[in-house]
Structures are given as structure tokens and as C-alpha cells.
1. For Leu24, state whether it is in a helix (DSSP H, G or I) and open to solvent by less than 80 Å² (accessible area, probe 1.4 Å).
2. Just the residues that are within 19 Å of the chain's Cα centre (by Cα) and in contact (Cβ under 8 Å) with a residue 40 or more places away in the chain, please, taken from the stretch 8-33.
3. Please name all residue pairs, on different chains or six or more residues apart, with Cβ atoms under 8 Å, provided the first residue is in the stretch 275-286 and is closer than 17 Å to Leu313 by Cβ and the second residue is aliphatic (A, V, I, L, M) and open to solvent by 30 Å² or more (accessible area, probe 1.4 Å).
4. For the stretch 310-328, which positions are in a helix (DSSP H, G or I), open to solvent by 60 Å² or more (accessible area, probe 1.4 Å) and either touching a residue at least 12 places away in the same chain (Cβ under 8 Å) or touching a strand residue (DSSP E or B) at 6+ places or on another chain (Cβ under 7 Å) (or both)?
5. Looking at (1) of a type in the set (A, V, I, L, M, F, W, C); (2) at pLDDT 70 or above; (3) open to solvent by 20 Å² or more (accessible area, probe 1.4 Å), which is the only condition Val180 fails?
6. Just one of Thr275, Thr286, Thr299 is of a type in the set (Ser, Thr, Tyr) and not in a helix (DSSP H, G or I); which is it?
7. Please go through the stretch 230-265 and give me each residue that is of a type in the set (D, E, K, R) and open to solvent by 30 Å² or more (accessible area, probe 1.4 Å), ordered by number.
8. Would you mind telling me which numbered condition in (1) surrounded by 15 or more Cβ atoms within 10 Å (Cβ to Cβ); (2) out of contact with any Gly (no Cβ under 7 Å at 6 or more places or on another chain); (3) in contact (Cβ under 8 Å) with a residue 40 or more places away in the chain Glu195 fails?
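The values are calculated or read from the model by the stated rules, or taken from the named source; none is laboratory data. Please read these numbers as outputs of a predicted model, since none were measured by experiment. Quick reminder, even Gly has a Cβ in these numbers, built from the backbone with ideal geometry, and neighbours come from all protein chains shown. Note: accessible area is taken over every heavy atom of the protein model, side chains too, but ligands, DNA and RNA are not part of it. Shrake-Rupley method; radii C 1.70, N 1.55, O 1.52, S 1.80 Å.
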Amino acid sequence: MFNLIRMNLFRMIHTKGVIVVFILLMGFSVISGCISAYDSIEMAKEIKEQREAGEEEGVRELSKQKEEEIKQKAAMEEAAKKEAEDNKEDNAAYEAGYEFGEQVSGSVGIYVNTPVDSNGNLKDYVFVYCSELSGGFLLLFILIGAVLFFRGDEKDGFLKNIAGQTKYRHNIFFARLIAVGIYTFACMVCYMFVEYFAFKIGFIMDGSINFGIKYLPEAIKIFALQYLLHMAFISGLLLITEVSRSTAAGLTIGLLGVMGFGMLFARIIQKVFHTDFDLNKYYINTNISHVNMGAAHNTIISALGIGIVFFILYNVLNVLWFSRRDII
């Protein structure tokens, strides 16, 4: 087993696609840090300008805007009411479709919230890092490398050569999975160090950001849970890749999953079956986006349960499929 893991690790670090993805991820870590820094600077400027303008003027302006909004809302409601009376059925259908579209479009995409304090300044680095973990960018890069690695051993003949020399075929799969787990861990840790180093040397901002040692215990828990969820998501993609024997299928479904297109399927289920059951709550990528510093206890427990269940389920199916499939 150890020799299988060692061979897979050797093959991984010599797979050009994996290396390219890793280098791109390290470069993106710096770009992401620059974006977070820029957002915080802009927020700090806005907050400072608002405070300089004076609280009283701000309240007066806010009250005036609120009054204007109320008037506009009342006018819109009156117009909508009149239109609804003219064509009730068409208007009801339009509103239902519009609401459905708003729900879906609001959940599709990759978003990272910049963690800032009340002055608009970036919080300690652990907040920035955990926010980026929950955003899905790292997952996107990691899954590309994992899928390329899994399919590479069939294209270069490695799997066919080693299969006949192994007594238990499932050991081959576990060795590959462990190699992917090490790769995932390395990507997550290296991303953190590269980005923080870019902050500290002043390449991003002025190097004044703190790491946040006092928040480290909570950050480690978030990291461990995110690692579990990332591995569960990747295990599902590896199953799709193995069953379809297609790199494109694994990458496409993975991209759609990270982008949140599963939300569309969940909403269709609700509309077709007229139910309030929200399938979206049980998606791995949804739980990845919810796990962050300061997340509620129920959110953490739910994400932990979903991560464990899907990680075991996907890999049991992976082992069963790999043990019975023909290796060509």
C-alpha cells in the first residue's frame, strides 16, 4: 500500500496538468489578496467620507431617501395592482417566474465576501483565508488537478501496468485517493502561506495585516471541516469521472456544481412537486459556502454530517465500481 501511495505521489508531481494548475492557484492567491485589499480600501474611504459628512446630515439624507423610496414603492404597488386587475393570470405567472429567476440568479456564481471591521479595514488574515475557502475558488482549482490526475493514469498506461501486480484492486483506488488528499491539503496550505507572505512583504497593501493567532483554534476547526467538504465534493467528481471515463464530464459537472447551478434543480423540484423541501441545503458546495469564521453551531454540525455522509458514500461507490470495472 505504501509503495502504491509513493508511486502515485511521484506520478502526480510529474503530471504537467497538475503542476500547471498548482502554479496558477498560487498566482491566483496573490490576485485574490489584491482584490480583498482593494475592496477594503474602497470601503474604508466610503466609511470615512460618511463620517466626515456628519451623522446628522447622514441621518437627514437617509430619512429623505427613505421617504422617496416609500413614495416610489407606493406608486409601483398602485401601478402593479392596476395592471394585475387588467390581467390577473398573466401577471401572476410573470411574478412567479420573476421570483423564481431571482432566487436562482442570486445563488449562481462564485462569491467571496471581504471580511472588514467597522472602519472598513481588513480583519486578521485568518478571516480573509476562511472567507476564500468558503468562496469556492480553491475548490475549483483543486478539482481540476484531481480529475486530470485520476484520468492521467489510464491514458499513460500506469493503471493497466500496476493492476495485475496488486492482490486487492481496491488498494489502487485508496492509494490514488490518498494522493489526491495530500494534493488537496498541500494546495490549501500553500495558498494560505503564499497569500499571507504577499501581504506581509507589502506586495499587497502595506504589510500591516495581522495573522490572527488568537483566532487560530477556531480557524483550524474551519480548515478541517472545509478539507472534509472539499474531499467529499472531489470524491463525487472522481466517481463521475470513473463511471463516464471522461475528463470533460468530471470537469463540467464540477464547474457547474461550484458555480451553484444545483440551485436551479432544487428550485425546479420545489415548483414541480409543490413542496417547501429545500434540496439545496444538502449540497456539499452549499455547505462549503456556509462554513466560515463565526458560523452558527447548527451550521457547523450540519456541514460536518453532510461531509462525512457524502465522503463515505461516494468512496464506497468508487471502490465498488473500481473493483468490478474492466481496466483497459
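1. Against the criterion (in a helix (DSSP H, G or I) and open to solvent by less than 80 Å² (accessible area, probe 1.4 Å)), Leu24 does not qualify.
2. Val21, Phe22, Leu24, Leu25, Met26, Phe28, Ser29, Val30, Ser32, Gly33
3. Listed pairs, sorted by first residue: Leu279/Ile269.
4. Going through the stretch 310-328, the residues in a helix (DSSP H, G or I) turn out to be 310-324.
Add one more test, that the residue is open to solvent by 60 Å² or more (accessible area, probe 1.4 Å), and what stays is 311-313, 316-317, 320-321, 324.
Passing the criteria: Phe311, Leu317, Trp321.
5. For Val180, the exception is condition (3).
6. Answer to the selection: Thr275.
7. Keep residues of the stretch 230-265 that are of a type in the set (D, E, K, R), which gives 242, 245.
The answer is Arg245, and nothing else.
8. Only one criterion is unmet by Glu195, namely (2).
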